[in-house]
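Undergrad: The structure that follows is given in the form of structure tokens.
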Amino acid sequence: MKRRAVMAMLMLSLAACGGESEVAGLRHRSLGVSESMTAQEVRRLLGEPGLRSIRPNREAWQYCESAISSHTYLLVMLEGGRVDSMTLRTSAPSSIFCGHAYPVVEWGPAPPTHYILEQRVR
């Protein structure tokens with residue numbers, strides 16, 4: 001019994017030493033996002049978005065993390081201050097930093113004619 005406990009501790013320690021890549025980190029944190037979460041809950045879980053697009057009653061928050069061979073992008077769509085949908089995608093890197101190549105937000109049919117775009121450099 002004691003040996004099993006020691007082995008379990010060793011396995012957990014080795015898993016922790018391997019570390020979590022940044023991309024796995026974003027993927028892992030995105031699992032905590034659920035439909036109808038508030039904007040404040042999303043911000044607490046994921047931090048400030050790297051790119052934020054705003055339309056009346058709708059927002060698109062984009063996050064990205066870079067790895068050697070890929071960039072991972074997370075798009076969180078908010079409507080009325082709550083999560084409406086979420087998209088996670090991975091692509092080959094077009095530059096060293098993923099923040100320079102956020103995907104275009106698809107607002108759906110008949111989007112409002114004006115919007116505000118905010119981009120933050122990390």
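The values are calculated or read from the model by the stated rules, or taken from the named source; none is laboratory data. Since the model is a prediction, treat every value here as computed from it, not as a measurement. In this analysis, Cβ positions are derived from the backbone assuming ideal geometry, glycine residues included, and neighbour counts consider all displayed protein chains.
Undergrad: If you check L45 against the conditions, is it of a type in the set (A, V, I, L, M, F, W, C), under 17 Å from G25 (Cβ atoms) and free of Cβ contacts under 8 Å to residues at least 24 places away in the same chain? Spell out the reasoning first.
TA: Details: of a type in the set (A, V, I, L, M, F, W, C): yes; under 17 Å from G25 (Cβ atoms): yes; free of Cβ contacts under 8 Å to residues at least 24 places away in the same chain: yes.
When the stated conditions are applied, L45 passes them.
Undergrad: A follow-up question, please. Suppose the filter is over 16 Å from L31 (Cβ atoms), part of a loop (DSSP other than H, G, I, E, B) and not aromatic (F, W, Y); does S95 pass it?
TA: Taking the combined requirement at face value, the residue satisfies it.
Undergrad: Also: Would a scan of region 9-26 turn up a residue that is at pLDDT 85 or above and either surrounded by fewer than 11 Cβ atoms within 10 Å (Cβ to Cβ) or within 28 Å of S91 (Cα to Cα) (or both)?
TA: yes
Undergrad: Quick check on region 55-100: of everything there that is in contact with a strand residue (DSSP E or B) (Cβ under 8 Å, 6 or more places away or on another chain) and of a type in the set (V, I, T), which residue is modelled with the lowest pLDDT?
TA: My answer is I96.
Undergrad: Every residue in region 66-84 that is in contact (Cβ under 8 Å) with a residue 40 or more places away in the chain, surrounded by fewer than 21 Cβ atoms within 10 Å (Cβ to Cβ) and under 12 Å from the mean Cα position of the chain (by Cα), please.
TA: S66 - this is the single residue of region 66-84 that is in contact (Cβ under 8 Å) with a residue 40 or more places away in the chain, surrounded by fewer than 21 Cβ atoms within 10 Å (Cβ to Cβ) and under 12 Å from the mean Cα position of the chain (by Cα).
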